[in-house]
Amino acid sequence: MSYFGDILEDGDKRMDYEVEKPHKKDDIKMLTFKVKSALKNLSLSNGVDMVRKGDSYEHKHKTEMKRSNEEREIKFVASNKDFTVECEWTPKDFNKDGMHSSIDVEAKCIPAKNDWEGKVEAKVGGMEVGPITPWTEVSN
């Protein structure tokens, strides 16, 4: 797709508008409660929704916590469907003299399906070797 097509598609996603189904209507949320709090390097948000599903109602919730400091960024999300943890570690000792490195860990648990998944990724690079700047990325 062209550059402008990507921009328009991104705008449609943000507005929750589908070009293929222009007259699609979602049910109105019957109740929404959201709380957000933030400190210098810690943020916490909690949201509860009650939506109509057919002839009954469905309750949804989502809690998100983010914490960061100079070396680490941690994000924890708990919802009525799954639990997710994302952590990025950029050690100071490996990020100097033009070298950049980080270790990313992601884990997701879906209790209803008794399923989980995880991902570990290590990135190293940025140091100049003549005219090139190599990067190495390893993930599982």
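Brief remarks follow.
- Any chance S45 is more than 25 Å from V77 (Cα to Cα), at pLDDT 80 or above and of a type outside the set (F, W, Y): no
- Across region 62-105, the qualifying residues are those that are in contact with a Gly (Cβ under 7 Å, 6 or more places away or on another chain) and not hydrophobic (A, V, I, L, M, F, W, C), and the one among them that is modelled with the lowest pLDDT is G98.
- Any hit, region 112-133, residues being free of Cβ contacts under 8 Å to residues at least 60 places away in the same chain, in a loop (DSSP other than H, G, I, E, B) and of a type in the set (S, T, N, Q): yes
- The set of residues in region 85-109 that are among the hydrophobic types (A, V, I, L, M, F, W, C) and either touching a helix residue (DSSP H, G or I) at 6+ places or on another chain (Cβ under 6 Å) or outside any strand (DSSP E or B) (or both) comprises F94, M99.
- Filtered residue count, region 99-119, keeping only those that are touching a Ser or Thr at 6+ places or on another chain (Cβ under 9 Å) and more than 20 Å from N69 (Cα to Cα): 4
The values are calculated or read from the model by the stated rules, or taken from the named source; none is laboratory data. Values in this document were obtained by computation on a predicted structure and should not be read as measured data. All Cβ positions, glycine included, derive from the backbone under ideal geometry; neighbour counts span all protein chains shown.
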